[in-house]
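Only one structure is covered here, and it is reproduced in the block below.
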Amino acid sequence: MNKLMEKMENVLAPLATKIGNNKILKAISGGFNMVMAIIIIGAIFSLLNTFQIDAYQNFLTSTGIGTILGLVGTFTTDMMAVYVAFTVAYSYVKNEGLSGDAIPAGLLSILAFFIMTPLTTAVINEIDTTVLTFDYLGSKGLFTALLVGLLVGFLYCFVVNRGWTIKMPEGVPPTVSKSFSALIPGFIITIVFLIINGIFATFTGETFSEWFYALIASPLSALSGSLATYMLITLMASIFWFFGIHGGQVTLPFSMILFMQAGVENQAAYAAGEPMQNILTVGFLFLMMLGGIGNTLGLNIDMLTAKSERYKALGRLAILPSLCSINEPIMFGMPIILNPIMAIPFFLVPQILIVIAYFSMSIGLVSLPRIAMGATGTPVLLDGWLICGISGVVLEIILVAISAIIYYPFFKIQDNIALKEEQKNA
């Protein structure tokens with residue numbers, strides 16, 4: 001095992017370093033690292049607001065506290081694309097050695113992102129009003145936000161490096177001088193994105209965000225409800241997450257379209273005391289969220305045995321959210337995003353666990369999903385019982401153990417790298 005791990009480390013560690021030095025990937029990674037605090041805060045308040053105990057939920061509803069707690073998710077997760085548009089452009093410009101221009105570039109990126117985002121007309125108090133909805137400010141807009149941030153960062157650096165800026169006389173306060181120096185890059189960036197949006201509005205009748213999301217959504221919506229489709233959707237969600245996109249929010253609507261009817265049929269059959277027929281339902285999806293996307297609860301358990309202080313602390317911090325299938329602390333804290341060492345188990349573990357669970361149900365070892373869908377934030381084992389009864393609890397215990405075993409050698413590579421860095425710094 002040690003020899004295998006050493007060989008894997010010798011191959012994967014240099015690859016990770018090479019990828020980490022890529023200009024575009026560094027901007028994306030840096031941008032997501034900057035929004036980590038917002039993501040973690042949103043995850044924690046989501047956990048507080050969705051914890052499934054009837055008395056607790058009744059208390060939140062009766063006091064109105066649930067509505068207040070929900071604001072955090074609305075202005076974090078549901079607006080993530082706005083934050084990412086800023087941080088990716090900021091990170092790109094800063095990495096190019098233009099630290100003083102990073103904030104103006106980030107603000108211009110938000111402007112460019114809004115230019116690419118659709119507006120809606122609504123009647124409010126009998127007055128036609130133009131509204132910017134949340135539809136493309138969250139997961140639907142993340143792809144656009146990444147592209148906008150990178151393009152704004154590139155254009156800003158391109159203009160500034162050629163000296164196309166307004167230079168103020170000496171003695172002018174730096175903040176005022178920097179504002180004027182951003183004017184020409186700002187005009188160029190604004191014109192470029194107005195042209196792009198105009199082209200799409202003319203030839204497609206949509207904004208770029210709508211067109212691009214439809215482009216990536218069409219292949220998903222054409223898939224049928226089969227085991228291969230289920231595994232493919234899960235893999236796509238993992239791939240999206242690996243590149244920093246909330247894959248679950250991207251693919252969940254299509255999972256609902258493809259598999260919700262089967263879940264409703266199961267629930268009706270269970271209520272009527274009749275045998276259930278369908279394995280692949282949205283309830284099955286919630287059953288398989290063991291720690292979140294990538295089934296990272298097993299990885300989190302591995303972290304509790306870490307030798308490095310970094311992963312030991314992260315393991316303790318993340319274990320409670322992981323038990324409720326919230327794994328943003330691990331995704332961004334390890335990180336798994338853009339990490340080639342962890343990509344292998346992150347893609348592989350969900351596929352293995354889906355096959356095991358599917359055939360366990362098909363041969364009758366585990367009850368079929370008896371409710372149409374689970375509830376976000378329900379703790380592991382409790383959701384297994386709600387969806388499949390006692391056999392679901394046993395299945396989840398076995399699947400978590402398997403995921404911990406598969407993740408372990410890859411985690412040890414990361415742990416050893418972190419331990420060496422800590423010893424070197426000490």
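For Val159, the test of being more than 23 Å from Ala214 (Cβ to Cβ), aliphatic (A, V, I, L, M), free of Cβ contacts under 8 Å to residues at least 40 places away in the same chain and surrounded by 15 or more Cβ atoms within 10 Å (Cβ to Cβ) is passed. The residues of segment 120-150 that are open to solvent by 60 Å² or more (accessible area, probe 1.4 Å) and either within 16 Å of Phe193 (Cα to Cα) or part of a helix (DSSP H, G or I) (or both), listed by number, are Lys140, Leu147. Scanning segment 208-239 for residues that are modelled with pLDDT of 85 or more and of a type in the set (S, T, N, Q) yields Ser209, Thr229, Thr234, Ser238. Annotation: of all residues in segment 38-61 being at pLDDT below 75 and part of a helix (DSSP H, G or I), the one that is surrounded by the fewest Cβ atoms within 10 Å (Cβ to Cβ) is Ile44.
In segment 361-370, the residue that is nearest to Leu258 (Cα to Cα) out of those that are surrounded by 20 or more Cβ atoms within 10 Å (Cβ to Cβ) and of a type in the set (A, V, I, L, M, F, W, C) is Leu368. Assessment of segment 331-350 against the conditions (in a helix (DSSP H, G or I), open to solvent by less than 30 Å² (accessible area, probe 1.4 Å), in contact with a helix residue (DSSP H, G or I) (Cβ under 9 Å, 6 or more places away or on another chain) and of a type in the set (Phe, Trp, Tyr)) yields at least one matching residue.
Restricting attention to segment 381-419, the residues that are assigned to a loop (DSSP other than H, G, I, E, B) and either open to solvent by 40 Å² or more (accessible area, probe 1.4 Å) or modelled with pLDDT of 90 or more (or both) add up to 1. Condition test on Phe180, is it of a type outside the set (Val, Ile, Thr), open to solvent by less than 30 Å² (accessible area, probe 1.4 Å) and either out of contact with any Lys or Arg (no Cβ under 7 Å at 6 or more places or on another chain) or at pLDDT 90 or above (or both)? Spelling it out, it is not the case that Phe180 is of a type outside the set (Val, Ile, Thr), open to solvent by less than 30 Å² (accessible area, probe 1.4 Å) and either out of contact with any Lys or Arg (no Cβ under 7 Å at 6 or more places or on another chain) or at pLDDT 90 or above (or both).
One residue stands out in segment 321-372 among those that are under 26 Å from Asn49 (Cα atoms) and without any contact (Cβ under 8 Å) to a residue 60 or more places away in the chain: the one that is farthest from the chain's Cα centre (by Cα), namely Leu323.
From the list Lys307, Lys312, which one is assigned to a loop (DSSP other than H, G, I, E, B) and charged (D, E, K, R)?
Lys307
Applying the condition of being free of Cβ contacts under 8 Å to residues at least 40 places away in the same chain and under 17 Å from Leu155 (Cβ atoms) to segment 70-105 and asking which residue is surrounded by the most Cβ atoms within 10 Å (Cβ to Cβ) yields Ala102. Checking each residue in segment 275-288 for being buried (at least 24 other Cβ atoms within 10 Å of the Cβ), in contact with a Ser or Thr (Cβ under 7 Å, 6 or more places away or on another chain) and assigned to a loop (DSSP other than H, G, I, E, B) picks out no residue at all.
The values are calculated or read from the model by the stated rules, or taken from the named source; none is laboratory data. Being a predicted model, the structure only gives us computed values, none of them experimental. Using ideal geometry, Cβ is built from the backbone for each residue, glycine included, and neighbour counts are taken over all protein chains shown. Heavy atoms of the whole protein, side chains included, go into the accessibility calculation; ligands, DNA and RNA do not. Shrake-Rupley method; radii C 1.70, N 1.55, O 1.52, S 1.80 Å.
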